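To keep things clear, I will list the structure first and then write my remarks on it.
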Amino acid sequence: MRLFFPLCLCVLVMSAGPASAEVKVTAVTYEHDGVELRGYLAVDDAVEKPKGAVLVVHEWWGLNDYAMSRTKQLASLGYVAFAVDMYGPDKVTDNPKEAGQWAGAIYSDRALARGRVNAGLKAFRDAAKLGEDAPVAAIGYCFGGTTVTELAYSNPAGLVAVVSFHGNPQPPAEEDTVTAKVLICHGDADPLVSDESLTAVTDALNTKAADWLLIRYSGAKHAFTNPKADDYGMAPVAYQKEADQRSWRHMLSLFDEVFGK
C-alpha cells in the first residue's frame, strides 16, 4: 500500500479555555491511499519542552468537538498532541447509522485501519518535527480505542503506549509483534463488549509477551468518558464522571512511566 504525505499547513488559533489560552491548533492536511484527510496539531507555545507526544483517535462519529477537546486538553497539560482523521475532512455525524457505515468500512479491513492510523502518525511526526523513532503514545475513544490497539499491533517505530477508552479491541494477528504498552479502560457495564471478547484479547497479548493492563470501571457503560454521551439517546452509552476522571488519571500515570515525569 502506498502512502502519500503532502502536508498543507493552515494555522488556526483556538482557545482551549481561560486556563489554557496559549494552546494553538494547526490544521494538517495529508493523504492516505488517495483519500484526503485533515488532522489537527495542538501545542502550548509557552511550553519549551513538551512532556511527550500523543496521537488522539476520535469516536465513530468522526473528528468532532469531543476529540478536539481531548487533544487541546493534552496540549494544555504540556504535551504536543495530534487529532488524527480516519474518515476525511468534515465527515462528522450524530447519526448512528451513518457513523456505523463509516466505522464499519474501516473495521472490516484491518489493513486499511492500520494504514490509515499510521498515515496520521506519520503526518503527526512531520508536522511536529518529531524524529522517526521519537517516543509517541496514542489514545482513542470507542472506535478510536479499537484503532489505537491496531496501531500497537502494527508496531511502528517509537510507539511506546496506547490507551483504549471504551473501545472494542480485537486480538492481535498471529504474525503481529506488540512492543507498546497497552492500557484498556473498560466500562464494566458496557453491553457492547463481551467478557469473552476481552479475555480473547488479553490471552492473545500474553502470547506476545505484551505489557498490558485492563481496568474495569464499575457501573460504567460504553462511551463513559464523553459528557455528551447521554444526548445520543442510546441505551448502551452513558457518561460516568467517576470513570471518566479515574481513567484519565490512569492514562497520565502511564504517560509518566513511558515519557518520564
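Is it true that Gly219 is over 14 Å from Pro171 (Cα atoms), at pLDDT below 95 and of a type outside the set (Val, Ile, Thr)? So Gly219 fails the test.
Of all residues in the range 199-215, none are small (Gly, Ala, Ser) and closer than 23 Å to Pro96 by Cβ.
Filtering the range 36-46 to residues that are touching a helix residue (DSSP H, G or I) at 6+ places or on another chain (Cβ under 8 Å) and either under 20 Å from Val92 (Cα atoms) or open to solvent by 30 Å² or more (accessible area, probe 1.4 Å) (or both) leaves Leu37, Gly39, Tyr40, Leu41, Ala42, Val43.
Screening Leu183 against (1) open to solvent by 20 Å² or more (accessible area, probe 1.4 Å); (2) in contact with a His (Cβ under 9 Å, 6 or more places away or on another chain) leaves a single unmet condition, (1).
State yes or no: is Ala137 touching a Ser or Thr at 6+ places or on another chain (Cβ under 9 Å) and open to solvent by less than 20 Å² (accessible area, probe 1.4 Å)? Judged against the criteria, Ala137 is not a match. Residues in the range 212-261 that are in contact with a Pro (Cβ under 7 Å, 6 or more places away or on another chain) and assigned to a strand (DSSP E or B): His222 only. If the condition is being within 16 Å of Gly145 (Cβ to Cβ), touching an Asp or Glu at 6+ places or on another chain (Cβ under 7 Å) and open to solvent by less than 30 Å² (accessible area, probe 1.4 Å), then the range 92-119 contributes Ala113, Val117.
Taking Leu198 as the residue in question, decide whether it is surrounded by fewer than 23 Cβ atoms within 10 Å (Cβ to Cβ), modelled with pLDDT of 95 or more, in a strand (DSSP E or B) and of a type outside the set (Val, Ile, Thr).
Details: surrounded by fewer than 23 Cβ atoms within 10 Å (Cβ to Cβ): yes; modelled with pLDDT of 95 or more: yes; in a strand (DSSP E or B): no; of a type outside the set (Val, Ile, Thr): yes.
Answer is no for this residue.
Scoring Lys228 on the criteria (1) farther than 22 Å from Ala81 by Cβ; (2) open to solvent by 20 Å² or more (accessible area, probe 1.4 Å) leaves a single failure, condition (1). Considering only residues that are touching a residue at least 40 places away in the same chain (Cβ under 8 Å), closer than 21 Å to Gly78 by Cβ and part of a loop (DSSP other than H, G, I, E, B), which ones fall in the range 42-66? Within the range 42-66, Lys51, Gly52 meet the criteria.
The values are calculated or read from the model by the stated rules, or taken from the named source; none is laboratory data. Just so it is clear, the model here is predicted, and its values are computed rather than measured. Cβ: placed from backbone, ideal geometry, glycine included. Neighbour counts: every protein chain shown. Side chains included, ligands, DNA and RNA excluded: accessible areas come from the protein's heavy atoms. Shrake-Rupley method; radii C 1.70, N 1.55, O 1.52, S 1.80 Å.
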